[in-house]
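Peer 1: Got a structure for you, written out below as structure tokens; questions coming shortly.
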Amino acid sequence: MSLLETQGLGISFGGLKAVQDVSFKVEPGEIVSVIGPNGAGKTTLFNMISGVYQPGAGRVVLDGQDVTGMEPFRLAARGMSRTFQNLQIFQNMTVLENAASGFHLRERGPVLADLLNLPGARRRARAAEAGARALLARVGLERAADRQAGNLSYGSLKRLEIARALALQPKVLLLDEPAAGCNAVETEEIDRLIAEVAASGTAILLVEHDMKMVMRISNHIVVLDHGEKIAEGAPLEVSRNPAVIAAYLGTEEATHADG
């Protein structure tokens, strides 16, 4: 059974169809990338899947359950986590505190216990710190744990955001342009991290403009243009699709992708 499935998903804004009739599946351990030119509807699609927008048509199915339009915090509890195109990092907190915040979202205790620093609250705090340190090691940021997050490089901040999303122990991880603004070395680091997360069994849905990265790490690609799905398939198949070449890749980029 697919971990994530969209069935005829669509939404309109002021009579304009931003996304219409988009269906695809993401299996456990699979990396599925959504690509398309600017304005194709990629982030709008992400927002419907992750509960930011209420779809006007279709369904979102998570691990066999209809979760269409469910609030993001409820989706997180059911196993969906995401990052955003614009960083959502607490710049004035330490790297460790940022990573630990994901655990606090997952394992909330009684407010009074936290205010009074009762034993249960202290246990949760210790567990969150231990889990956060393990995640920082996983993304290669363990040595930066006590640094202020705002002092990290952009690529490191991207990895930190992924670490915080992983604190929710997602079955499905949505990544919105994880390599945007990164240099070649940082992009390679994120490549490896995404591949490792998928290898652990997490289903990954990715929006990314770096076509070399997309073609390198994706198992399956969905192509949008003007809100409609115009193609899907394996990277090589998609890169050779005439409709994709015309809408997005361009002949020269498609040739590079084949290599």
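The values are calculated or read from the model by the stated rules, or taken from the named source; none is laboratory data. Just so it is clear, the model here is predicted, and its values are computed rather than measured. Glycine also receives a Cβ, built like all others from the backbone with ideal geometry; neighbour counts cover every protein chain displayed.
Peer 1: May I ask you to list the residues in the stretch 154-170 that are out of contact with any Lys or Arg (no Cβ under 8 Å at 6 or more places or on another chain) and in a loop (DSSP other than H, G, I, E, B)? Can you show your working first?
Peer 2: If we filter the stretch 154-170 for residues that are out of contact with any Lys or Arg (no Cβ under 8 Å at 6 or more places or on another chain), which is where we start, we get 154-162, 164, 170.
Scanning the stretch 154-170 gives a single hit, PRO170.
Peer 1: Next question, about the same structure. I'd like the full set of residues that are surrounded by 17 or more Cβ atoms within 10 Å (Cβ to Cβ) and not hydroxyl-bearing (Ser, Thr, Tyr), limited to the stretch 36-47.
Peer 2: Listed by number, the residues that qualify are GLY36, ALA40, GLY41, LYS42, LEU45, PHE46, ASN47.
Peer 1: In the set LEU45, LEU87, LEU62, LEU96, which member is in contact (Cβ under 8 Å) with a residue 12 or more places away in the chain, within 16 Å of PRO170 (Cα to Cα) and of a type outside the set (D, E, K, R)? Lay out the reasoning, then the answer.
Peer 2: Working: LEU45 fails: within 16 Å of PRO170 (Cα to Cα); LEU87 fails: within 16 Å of PRO170 (Cα to Cα); LEU96 fails: within 16 Å of PRO170 (Cα to Cα).
After applying the criteria, what remains is LEU62.
So that you can scan it fast, the table gives a plain yes or no per residue for (1) in contact with a strand residue (DSSP E or B) (Cβ under 9 Å, 6 or more places away or on another chain); (2) of a type in the set (D, E, K, R); (3) on the phi < 0 side of the Ramachandran plot:
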{"residue": "VAL19", "(1), (2), (3)": "yes, no, yes"}
{"residue": "VAL22", "(1), (2), (3)": "yes, no, yes"}
{"residue": "PRO37", "(1), (2), (3)": "yes, no, yes"}
{"residue": "ARG59", "(1), (2), (3)": "yes, yes, yes"}
{"residue": "VAL67", "(1), (2), (3)": "yes, no, yes"}
{"residue": "ALA77", "(1), (2), (3)": "no, no, yes"}
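Peer 1: Counting only residues that are part of a helix (DSSP H, G or I) and under 25 Å from LEU9 (Cβ atoms), which one in the stretch 216-241 is modelled with the lowest pLDDT? It would help to see each step written out before you state the result.
Peer 2: Of the residues in the stretch 216-241, the ones part of a helix (DSSP H, G or I) are 216-217, 235-239.
Filter once more, so that each one left must be under 25 Å from LEU9 (Cβ atoms): 217, 235, 237-239.
Numbers: ILE217: 95, PRO235: 95, GLU237: 95, VAL238: 94, SER239: 90.
Among residues in the stretch 216-241 that are part of a helix (DSSP H, G or I) and under 25 Å from LEU9 (Cβ atoms), the one modelled with the lowest pLDDT is SER239.
Peer 1: Quickly run through the stretch 169-180 and pick out the residues that are surrounded by fewer than 19 Cβ atoms within 10 Å (Cβ to Cβ) and farther than 17 Å from ILE35 by Cα. Give the derivation first.
Peer 2: First pass over the stretch 169-180, keeping only residues surrounded by fewer than 19 Cβ atoms within 10 Å (Cβ to Cβ): 169, 171, 180.
Residues satisfying the conditions are GLN169, LYS171.
Peer 1: Moving to a separate point now. Within the stretch 48-74, restricting attention to residues that are buried (at least 20 other Cβ atoms within 10 Å of the Cβ) and out of contact with any helix residue (DSSP H, G or I) (no Cβ under 7 Å at 6 or more places or on another chain), which residue is nearest to ALA234 (Cα to Cα)?
Peer 2: ILE49
Peer 1: Of the residues PHE103, PHE84, which is in a helix (DSSP H, G or I), within 30 Å of GLU142 (Cα to Cα) and aromatic (Phe, Trp, Tyr)? Step through it out loud before you land on a result.
Peer 2: Values: PHE84 fails: in a helix (DSSP H, G or I).
Matching residue, one of PHE103, PHE84: PHE103.
Peer 1: Could you pull out the residue among VAL32, VAL22 that is within 17 Å of the chain's Cα centre (by Cα), in a strand (DSSP E or B) and touching a residue at least 40 places away in the same chain (Cβ under 8 Å)?
Peer 2: Numbers: VAL22 fails: within 17 Å of the chain's Cα centre (by Cα).
Selected residue: VAL32, the only one of VAL32, VAL22 that is within 17 Å of the chain's Cα centre (by Cα), in a strand (DSSP E or B) and touching a residue at least 40 places away in the same chain (Cβ under 8 Å).
Peer 1: Of the conditions (1) touching a helix residue (DSSP H, G or I) at 6+ places or on another chain (Cβ under 8 Å); (2) part of a loop (DSSP other than H, G, I, E, B), GLY201 satisfies every one except a single condition; which number is it?
Peer 2: Result: GLY201 passes all but (1).
Peer 1: If you take the residues of the stretch 103-120 that are closer than 24 Å to GLY79 by Cα and in contact with a helix residue (DSSP H, G or I) (Cβ under 8 Å, 6 or more places away or on another chain), which of them is modelled with the lowest pLDDT?
Peer 2: Step one: list which residues in the stretch 103-120 are closer than 24 Å to GLY79 by Cα, which gives 103-111.
Pick out the ones that are also in contact with a helix residue (DSSP H, G or I) (Cβ under 8 Å, 6 or more places away or on another chain) and you get 103-107, 109-110.
Values: PHE103: 79, HIS104: 61, LEU105: 58, ARG106: 54, GLU107: 56, GLY109: 49, PRO110: 46.
Of everything passing the filter in the stretch 103-120, PRO110 is modelled with the lowest pLDDT.
Peer 1: Also: Identify, please: which residue in the stretch 181-211 is β-branched (Val, Ile, Thr) and buried (at least 17 other Cβ atoms within 10 Å of the Cβ) and is, among those, nearest to PHE90 (Cα to Cα)? Walk me through it before giving the result.
Peer 2: Taking the stretch 181-211 first, the residues β-branched (Val, Ile, Thr) are 185, 187, 190, 194, 197, 202, 204, 207.
So of that shortlist, the ones also buried (at least 17 other Cβ atoms within 10 Å of the Cβ) come out as 187, 190, 194, 197, 202, 204, 207.
Details: THR187: 22, ILE190: 20, ILE194: 22, VAL197: 23, THR202: 25, ILE204: 24, VAL207: 23 Å.
Per the criteria, the residue is ILE190.
Peer 1: Here is a follow-up. Limited to the stretch 1-19, what total is found for residues that are loosely packed, with under 15 Cβ neighbours inside 10 Å and not in a strand (DSSP E or B)?
Peer 2: Going residue by residue through the stretch 1-19, those that are loosely packed, with under 15 Cβ neighbours inside 10 Å are 1, 8, 12-16.
Right, trim to not in a strand (DSSP E or B) and you get 1, 14-15.
Total meeting the criteria: 3.
Peer 1: On the basis of being of a type outside the set (D, E, K, R), farther than 25 Å from ALA247 by Cβ and crowded, with 19+ Cβ neighbours inside 10 Å, does ALA165 make the cut?
Peer 2: Numbers: of a type outside the set (D, E, K, R): yes; farther than 25 Å from ALA247 by Cβ: yes; crowded, with 19+ Cβ neighbours inside 10 Å: yes.
Yes, satisfied.
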